[in-house]
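Step one of this worksheet: look at the structure below.
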Amino acid sequence: MALSFWILDMTGSTALMGIVLVAGLLPMILISRFSGVIAGRLERKRIMVLTDLVRWIFVILLSLFAIANNAEVWMIIVVSLVNGICAAFFTPAANSTLQDLVPKSKFQKVAFPDTMTTYRMESKNVTNLR
């Protein structure tokens, strides 16, 4: 989401902002059905570490280009796309890891406040744009 606001600051184009958002969300929608199965069959820790490493590499590369004033719109779209693909694999692995660590009787108390806090923080960020 932060990449889309960055592109809005760079170009002033809401259309490009929408493209960056779609590039990040579309892979999650298309891949999530398969990535959940893969996360259930492979080692979750390895999936989480690998996807975070890939995200880290792409964000660092984009940051280096931005520092050198060479960042371009297509680079931001690619980073958003890679972030969406990684999130499609990371999220089911992380969620199923939480289920393994917390007893079933306390799972709702642990899982759902985190979701609501995240939602409130994202909503607050969007409403503070004006």
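The values are calculated or read from the model by the stated rules, or taken from the named source; none is laboratory data. None of these values were measured; they are calculated from a predicted model. No Cβ is skipped: glycine too gets one built from the backbone with ideal geometry, and neighbour counts run over all protein chains shown. Remember, those area values only see protein heavy atoms, side chains included, never the ligands or the DNA or RNA. Shrake-Rupley method; radii C 1.70, N 1.55, O 1.52, S 1.80 Å.
Some values worked out for this structure:
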| read-out | value |
| --- | --- |
| Unique residue being out of contact with any helix residue (DSSP H, G or I) (no Cβ under 8 Å at 6 or more places or on another chain) and modelled with pLDDT of 85 or more when the list is 67, 31, 47 | 67 |
| Every pair of residues 6+ apart whose Cβ atoms lie under 7 Å, when the first sits in segment 55-83 and is under 16 Å from residue 24 (Cα atoms) and free of Cβ contacts under 8 Å to residues at least 40 places away in the same chain while the second is open to solvent by 80 Å² or more (accessible area, probe 1.4 Å) and aromatic (Phe, Trp, Tyr) | 75/65 |
| Among the candidates 34, 90, residue that is on the phi < 0 side of the Ramachandran plot and surrounded by fewer than 18 Cβ atoms within 10 Å (Cβ to Cβ) | 34 |
| Index of the failed condition, residue 78 passing every other in (1) over 25 Å from residue 43 (Cβ atoms); (2) modelled with pLDDT under 70 | (2) |
| Some residue of segment 38-53 being hydroxyl-bearing (Ser, Thr, Tyr), within 18 Å of the chain's Cα centre (by Cα), assigned to a helix (DSSP H, G or I) and exposed (fewer than 13 other Cβ atoms within 10 Å of the Cβ) | no |
